[in-house]
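A short worksheet on the structure shown next.
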Amino acid sequence: MEATATRVKNIPISPNTKLEEIFRIFGAQQKNRQAVKDSTAKERKEKLKKLMDTVVEYRTKIQDAVFADLHKPAVETDYAEIYNVVTECRHAIANLDEWMAPQDVDTPLLFVGSSSKVVHEPKGNALLLTPWNYPFSMPTQHLVAGVAAGCTVIIKPSEFTPHTSALVKEIIGKVFPENEVAVIEGDYTVSTELLKLKFDHIHFTGSPAVGKVVMRAAAEHLTSVTLELGGKSPVIIDETANIDAAVKKITWGKYLNCGQTCIAPDYILVHESKKAEFISKLDANIKKVFTDNPEKSADVGRIVNNKHFNRIKGLLDEAVSKGAKVETGGQTNEEDNYFAPTVISNVSLDSKVMQEEIFGPVLPVISFQSPDEALGVINGKEKPLALYIFSGSSKNQDFWLDKTSAGGTCINDNVVHITQPNLPFGGVNNSGIGKSFGIFGFKEFSNERAVLKALHSGSVVTPLWQPYGKLAKFVADLMIKYF
């Protein structure tokens, strides 16, 4: 099934929602918050089933909208946009009864006669601020957790992918009443106004710089946040790696969505003994996959807009000016925001391409001779959203895991961990706060409420009530010694 839309150049951004409309929708959701909180597991699953079915119904329209915004191939939209939402819905529907059930906890001897449990209650009114790189899956996939948890949700999609954002609004309007889930379009000024409102939870996906802005705004109301950010996700290829397998997997993971993926491999650290083989085979595989003229390939997307195109080209040009060698690609067409799949070597560590998240189809390759040399590069930067290890040695794999920190890691693969529904997805510190998807997303939109039920007529601390006497001192001594 192929998308039939035409790639639109110089796309105008989404129109701004009027301020009074924002206030009206926010107020309606606040009034409806308790009713949504009171919804049963059955009712929430019915909503998720309706969302899933509507997404499948809109499959071709989604392909067309995403193609118009990003020139993304239809099959790529299927598995990297639509499937993510469908499988997230299925997973939540299958597990929501268990997630919502109160969780009994053990009762220590000191609390004999009482019972304790953890209850997951919805946080309330939630805000989703979502990015342009996966303009359909990000708003709708993260919405699943909010609906499963019993929250009302306002979605603010990216203005840079207006065709998809408008379609998300249409789909959401078909599935949910506005006082439960609503889409508000517009640019950063709309986001700024939304962030002034007293939400109970904010989920943001984007850059660390904007994540800090969101966190500062949330602090005004002490609103909890989930920040799904980014960074420079490294790939380690050691001397025991299977190079043939590595180049195929990295070709897919790096150039998926034209490199505009938050967990795409950002740079390669390859053992010196494998460098020449890796670069040669990577070059050959890129040409095999995308042909000698990738601009004409139906499998190569485009950079979202001219601003980001020039940013990525600036990174490449500056690296070359400092001695980097273009091993593969390097061709561009500014008229269509086309950027060829590109590999560079001999990269200076102080060049911008090694300091900033690339978020595009440029892949620096750096060799190392000792593990400490590679660790110096990785650990000298902020903790990444992802880190990938290609190694045939279990001992080496454990070493790299133990000596680094990242939001997530694949061993002998890349990117795919985001689709494993039983794993948390998110960063650490500069690459993110909190986790998403599956039960982890459900918990982000929930308050884990502690509930202790004591004896009706007494209390576990009765001997410690004032006024303090010999019995209180005796009991306190016992507690410290034995409990």
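Worth a mention:
- Long-range HN-HN contacts of F445 with modeled amide H, under 5 Å: none
- Three semi-axes describe the equivalent ellipsoid of the stretch 372-441; taken as square roots of 5 times the Cα gyration tensor eigenvalues and ordered largest first, they are 22, 16, 8 Å.
- Here's the list of lysines a cross-link from K403 could span, going by alpha-carbon distance under 21 Å and ignoring same-chain residues fewer than 8 apart: K232, K381, K383, K395.
- Convex hull per residue volume in Å³, alpha carbons only, for the stretch 339-462: 200
- Each peptide in 327-339, 471-483 receives the mean, over its residues, of other Cβ atoms within 10 Å, and ordering these scores from highest gives 327-339, 471-483.
- Amide H contacts of F368 (H built 1.01 Å from N, in plane; Pro and chain starts excluded): V270, H271, E272 sit under 5 Å, all sequence-distant by 5 or more or on other chains.
- For the stretch 9-136, the convex hull drawn through the C-alpha positions has a volume of 168 cubic angstrom per residue.
- When the solvent-accessible area of the stretch 74-149 is split by element, carbon and sulfur atoms take up 56 percent of it, the probe being 1.4 Å.
- Here the 3J(HN,Hα) profile of the stretch 243-259, calculated from phi with Karplus coefficients 6.51, -1.76 and 1.60 at θ = phi - 60°, is 5, 4, 5, 4, 5, 5, 5, 6, 4, 5, x, 6, 9, 4, 6, 6, x Hz, Gly and Pro shown as x.
- Residues S394 and K42, FRET efficiency given R0 of 51 Å [Cβ-Cβ distance, rounded to 0.05]: 0.65
- Values of log10 I(q)/I(0), in the order q = 0.28 Å⁻¹, for the stretch 427-478 under a Debye, Cα-only, solvent-free model: -1.07
- Here r is the Cβ-Cβ distance between E277 and T87 and R0 is 35 Å; the resulting FRET efficiency, rounded to 0.05, is 0.45.
- Entry for the stretch 154-298 at q = 0.16, 0.18, 0.20 Å⁻¹: log10 I(q)/I(0) = -0.94, -1.04, -1.17, Debye formula applied to identical alpha-carbon scatterers, no solvent contribution.
- Residue-by-residue Karplus 3J(HN,Hα) for the stretch 190-196, coefficients 6.51, -1.76, 1.60, Hz, glycine and proline x: 5, 4, 4, 5, 4, 5, 7
- The stretch 232-254 residues near the modelled L401 label - backbone nitrogen below 20 Å, point 7 Å along Cα→Cβ: 233-242, 246
- Accessible-area rank, largest first, for H271, H201: H271, H201, with all protein chains present and a 1.4 angstrom probe.
- Our summary of shape: the Cα atoms of the stretch 58-131 have principal axis extents of 64, 24, 17 Å, ordered from largest down, in whole angstrom.
- Relative packing of 44-53, 131-140, which averages over residues the other C-beta atoms within 10 Å, highest first: 131-140, 44-53
- Ordering of 220-228, 354-362, 94-102, 273-281 by burial proxy (mean other Cβ atoms within 10 Å per residue, highest first): 354-362, 220-228, 273-281, 94-102
- Amide H contacts under 5 Å for V105, placed H, 5+ residues apart: S116, K117, V118
- Whether the chain is rounded, prolate or oblate, judged on the alpha carbon gyration tensor where a/c under 1.5 counts as rounded: oblate
- Seen through its C-alpha gyration tensor, with square-root eigenvalues sorted a ≥ b ≥ c, the stretch 255-357 comes out oblate because a/c lies at 1.5 or above while a/b is not bigger than b/c.
The values are calculated or read from the model by the stated rules, or taken from the named source; none is laboratory data. Note that the structure is predicted; figures quoted are calculated from it, not measured. Note that we place each Cβ from the backbone using ideal geometry, even for glycine, and neighbour counts take in every protein chain shown. Areas reflect the complete protein model, heavy atoms only, side chains present, ligands, DNA and RNA absent. Shrake-Rupley method; radii C 1.70, N 1.55, O 1.52, S 1.80 Å.
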